[in-house]
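Structure record follows, encoded as C-alpha cells.
The values are calculated or read from the model by the stated rules, or taken from the named source; none is laboratory data. In this text, all values refer to a predicted model and were calculated from it rather than measured experimentally. Cβ sites come from the backbone with ideal geometry, for glycine too, and all protein chains shown count toward neighbours.
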Amino acid sequence: MQFGRVAALEDAYLKRTLDKTISPQDHMYNTGPDWYFSVGVDGLRVVLRALAMGRLNEVNHILDLPCGHGRVARHLHACFPNAHLTFADIDTDGVDFCVERFGGTGIYSQPDLSQVAFDVTYDLIWIGSLFTHVEQARAETWLRHLCGLLAPNGVLIATLHGNWSKEVQRSYGAMIGDAEWAKIMAGYELTGWGYARYPGPDNYGVSLCRASTVMAMAGRIEGVRILSYTERGWAGNHDVLVMEKWDRMEKF
C-alpha cells in the first residue's frame with residue numbers, strides 16, 4: 001500500500017471518535033486500565049506499518065483473532081469503517097461484545113484452531129497474543145492454516161514472546177510460575193521455542209521464542225512471503241511477524 005494511502009488512513013482515524021465502551025468482562029482492561037487504550041492504538045500502528053510494506057491496495061475484510069473484548073478491534077473499526085470485520089475467540093462473551101459494539105461477524109473459536117471454518121478470505125489478519133500461549137507445533141499448524149485464509153496480497157500480523165519477555169518475567173510481573181518458567185527456558189535453549197502450560201485444565205500456557213526459530217517456521221509455509229520481523233514491535237513488548245499472501249518464488 002502506498003505511503004500516502006496509509007497516512008490518509010491514519011489521519012482519518014485520528015479525526016474519528018473512538019468507541020471507548022468497556023465490557024465488565026474485559027480482562028485486559030480490568031488488569032491494565034492505565035495502558036489499555038495505548039496498547040490498542042499501538043496495535044493499529046503495527047497494522048499500518050505492515051500495510052505500508054506490502055502490495056495490498058484496499059482493506060475490505062479483516063479477521064481479529066483472538067479478539068477478546070475489543071482492545072485492538074475498536075481501533076480497527078475506527079480506521080477501517082467500511083471494512084467487514086470478523087471477530088473470533090474461544091471467549092464467546094468477547095465475540096458477542098465485539099459484534100454488538102463494532103458490527104461484523106462473530107466466530108466462536110475452538111481449542112484446535114485448524115478445525116475452525118471461515119467462510120471468506122481476509123485482506124488483513126491480526127493475531128494479537130495467540131502464539132504467545134501455545135507450543136511450536138500448534139503455532140506452526142495454526143499459522144499455516146491462517147495464511148491459507150489470506151486473500152491475494154493479504155497481510156497477516158502475529159505477535160510473539162521474544163527476548164524481552166525474559167525481562168518481563170524477571171522484573172515486570174511473572175507471566176507463569178517459577179517451575180514452569182524453568183521448563184520454558186530449557187525448551188528455549190534447546191530448540192528456540194520454550195513452552196509450559198498454565199496450571200489447570202485449559203491447554204494454554206506461555207511460550208518464548210527466538211526470532212530465528214519463528215523465521216524458519218514462517219519460511220516453511222508455501223505461497224506467502226515474510227515481510228518483516230520486529231523485536232518488541234507491539235507496545236514495546238511483543239515481537240511482531242508480518243507475512244503477505246504473495247509467493248516468495250514469484251517474479252516481481
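Considering Val155, Val99, Val120, which residue is surrounded by fewer than 20 Cβ atoms within 10 Å (Cβ to Cβ), in contact with a Gly (Cβ under 8 Å, 6 or more places away or on another chain), under 30 Å from Thr17 (Cα atoms) and aliphatic (A, V, I, L, M)?
After ruling out the rest, the residue left standing is Val99.
Determine which single condition Glu167 fails, assuming it passes every other condition in (1) under 21 Å from Gly233 (Cβ atoms); (2) free of Cβ contacts under 8 Å to residues at least 40 places away in the same chain; (3) within 16 Å of the chain's Cα centre (by Cα).
Result: Glu167 passes all but (3).
Pairs needed: first member in the stretch 126-154, among the hydroxyl-bearing types (Ser, Thr, Tyr); second member anywhere, in a loop (DSSP other than H, G, I, E, B); C-beta distance under 7 Å; at least 6 residues apart or different chains.
Thr132/His161
Is there any pair with a first residue in the stretch 199-212 that is under 15 Å from Arg138 (Cβ atoms) and a second that is among the aromatic types (Phe, Trp, Tyr) and surrounded by fewer than 17 Cβ atoms within 10 Å (Cβ to Cβ) whose Cβ atoms are under 7 Å apart and which are 6 or more apart or on different chains, and what are they?
Tyr204/Tyr198; Gly205/Tyr198
Of Arg71, Arg55, which residue is over 12 Å from the mean Cα position of the chain (by Cα), at pLDDT 95 or above and not small (Gly, Ala, Ser)?
Selected residue: Arg55, the only one of Arg71, Arg55 that is over 12 Å from the mean Cα position of the chain (by Cα), at pLDDT 95 or above and not small (Gly, Ala, Ser).
Tell me which helices (runs of 4 or more DSSP H) are completely within the stretch 154-243 and hold 3 or more residues being modelled with pLDDT of 95 or more, of a type in the set (Gly, Ala, Ser) and touching a strand residue (DSSP E or B) at 6+ places or on another chain (Cβ under 9 Å), or say none if there are none.
178-191, 211-219
Pairs, please: C-beta under 9 Å, at least 6 apart or cross-chain, first residue touching a residue at least 24 places away in the same chain (Cβ under 8 Å) and under 19 Å from Gly148 (Cα atoms) and in the stretch 98-113, second among the basic types (Lys, Arg) and crowded, with 17+ Cβ neighbours inside 10 Å?
What qualifies is Leu113/Arg138.
Give the stretch 71-90 a look and list any residue that's surrounded by fewer than 17 Cβ atoms within 10 Å (Cβ to Cβ) and under 17 Å from Ser129 (Cα atoms), or say none.
Once the filter is applied, which keeps residues that are surrounded by fewer than 17 Cβ atoms within 10 Å (Cβ to Cβ) and under 17 Å from Ser129 (Cα atoms), the stretch 71-90 yields only Ile90.
State the number of residues belonging to the stretch 58-88 that are more than 15 Å from Ala158 (Cα to Cα), among the charged types (D, E, K, R) and in contact with a Phe, Trp or Tyr (Cβ under 9 Å, 6 or more places away or on another chain).
Final tally of qualifying residues: 2.
All but one of (1) of a type in the set (A, V, I, L, M); (2) surrounded by 15 or more Cβ atoms within 10 Å (Cβ to Cβ); (3) under 25 Å from Thr31 (Cβ atoms) hold for Met217; which doesn't?
(3)
Assuming Trp246 fulfils every condition listed in (1) assigned to a strand (DSSP E or B); (2) surrounded by 18 or more Cβ atoms within 10 Å (Cβ to Cβ) apart from one, which condition is it?
Only one criterion in (1) assigned to a strand (DSSP E or B); (2) surrounded by 18 or more Cβ atoms within 10 Å (Cβ to Cβ) is unmet by Trp246, namely (1).
For Val224, state whether it is among the aliphatic types (A, V, I, L, M), more than 25 Å from Met185 (Cβ to Cβ) and more than 15 Å from the chain's Cα centre (by Cα).
Yes; evaluated as a whole, the condition is true for this residue.
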